[in-house]
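The values are calculated or read from the model by the stated rules, or taken from the named source; none is laboratory data. Computed from a prediction, not measured in an experiment: that's the story for all the values here. Counting neighbours? That spans all protein chains shown, and the Cβs are built from the backbone with ideal geometry, glycine included.
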Amino acid sequence: MILLKHKLILFSAMLIFWLCFLGTAVIKNVKEIDTNFHQVIDENKNLANANELLKLVIDMETGVRGHCVTYEDIFLEPYEAALNRFHVLLEEEKKRVKGKKQVQCLKEVEILVDRWITEIAEPEIKKVEDILAGICSPEDLKEMVASQSGKNIVDQIRLHFAKFIEISETSNAENYTTAQKKVTYAIQASIIVFVCSLLFSVIVMGWILKIFGRSVSNLNDGINVIKEGDLEHRIQVLRKDEIGKLTGGFNHMVKRIQEADSLIKEVNTELEQKNTELEHFTYTVSHDLKSPLITVKGFLAILIKSIKQKNEKRIEQSIQSITGAVEKMKILLEAILDLSRVGRLVNPSETIDITQMAQEVVDMFLLDNKNITIKIHPGLPIIKADPIRFEEVLQNLIENSIKYMGDQKRPYIEIGQRKEKGETIIFVKDNGIGIEPAYHDKIWGLFEQLNPSKDGSGVGLALVKRIIVSNGGKIWAESDGLGKGTTISFTI
């Protein structure tokens, strides 16, 4: 007859074996869950790299397009930088990607990019060199660009990237679904362990019900919340045991998924914004650069006619007009280049006393404008920023106030600060001609001048806004209308 003690030992051994078996299965399942989530993270990284590669292709296309429009080598810098980065990132991505279809997409992209460089980019760059050397005419380049061959290749590249992203998203969904099923299996196994423990001892049952059951319920509730799409939610870690580690690891994986998701959204948003800015920039530049070219063309015709007629006075006038148009184009190009460098070429940040810098700028303007009263509030903020760029902000704002002062008998400019909702706002205020409310947003556009008869390139306020925004600030205009003066306020 088997003794009770032996029965208890046998029962305990069977229970321990059963628990070990279930525990091993749970641990294995948890590791598989971790593997699935790492696969999700890897696919999110692939998606981010794919978006960056597509952005680099757009940067290359934009650089070549800008070079063809302006004939300036400065536009080849983003093209060459994007080209170098593209090949490095593409090789990294090819090593990371494991799916055959994804690898094939990357190979097709590589072939198309090489084809675009060979058939489109390099010939267009060479054509610009030939134009500058006088070997061919701009019409040859226009005909080459108008062929749409480059656009067709880039469209194919976009299609392959779209296919790559679709495959990655599908794989993500599958891995995530698999992980959810395995989490459910882990919960079910845990419940079985809980039930078996009830048979072993009433005391152990109460302890498991209080500790283990609560942890599983907490994990399950958290998973359900996260499953509904709330990636901000974090499951409370109740203990420092395996369930606590599982919860902490799950929270860590959700955090990494959230970061990857946020990164993708930021990249997509930034890409859309840059595409919109690029389209507006390209249209504006091409439109405003035509004006001096048309002037040059018109006066060249007059010059040729005057030379034939030997009209020296008319010849001199035509040469002066052509020189003025060329100088205007030079000013526009220099302003455009300066605007394009903001946020891309950054000088080291230094501690800036705005009061002192404002005084230095004001002293420079008062040399030629002694009839203007300019007041600087004492104790303006001390900030950390690029001193060269911030000085450009003050110069442009003060110069604009002077330029649009109108017929004021007592012209007055005030530079100060105010507090709104705990935020320090710096302002430049004048009693000049003012701005109609309908133009408060328009003045920040490239080449926008409310009075075209005034000297200037029309880039000043656009440059100011880009400097402020690139430093994380915001800027806006305040005016009650014509004759009411203007206040330009900004944060930094």
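Just a few scattered comments:
- Selected residue (criterion: modelled with the lowest pLDDT) from residues of the stretch 230-276 that are β-branched (Val, Ile, Thr) and part of a helix (DSSP H, G or I): Thr276
- Which numbered condition Asp221 misses (of (1) assigned by TED's automatic domain parsing to the domain that holds Phe21; (2) at pLDDT 70 or above; (3) farther than 26 Å from Arg96 by Cβ): (1)
- Selection from the stretch 390-432 of residues that are over 15 Å from Leu461 (Cβ atoms) and of a type in the set (Val, Ile, Thr): Ile413, Ile415, Thr424, Ile425, Ile426
- Tally, over the stretch 66-76, of residues that are of a type outside the set (Val, Ile, Thr) and either surrounded by fewer than 16 Cβ atoms within 10 Å (Cβ to Cβ) or not assigned by TED's automatic domain parsing to the domain that holds Ala162 (or both): 3
- A search for C-beta distances below 8 Å between a residue of the stretch 298-310 that is over 18 Å from Gly324 (Cβ atoms) and any residue that is in a helix (DSSP H, G or I), counting only pairs 6+ apart in sequence or on different chains, returns Ile307/Ile315.
- When the stretch 378-436 is filtered for residues that are small (Gly, Ala, Ser) and surrounded by 13 or more Cβ atoms within 10 Å (Cβ to Cβ), the ones remaining, listed by number, are Ala385, Ser401, Gly406, Gly416, Gly432, Gly434.
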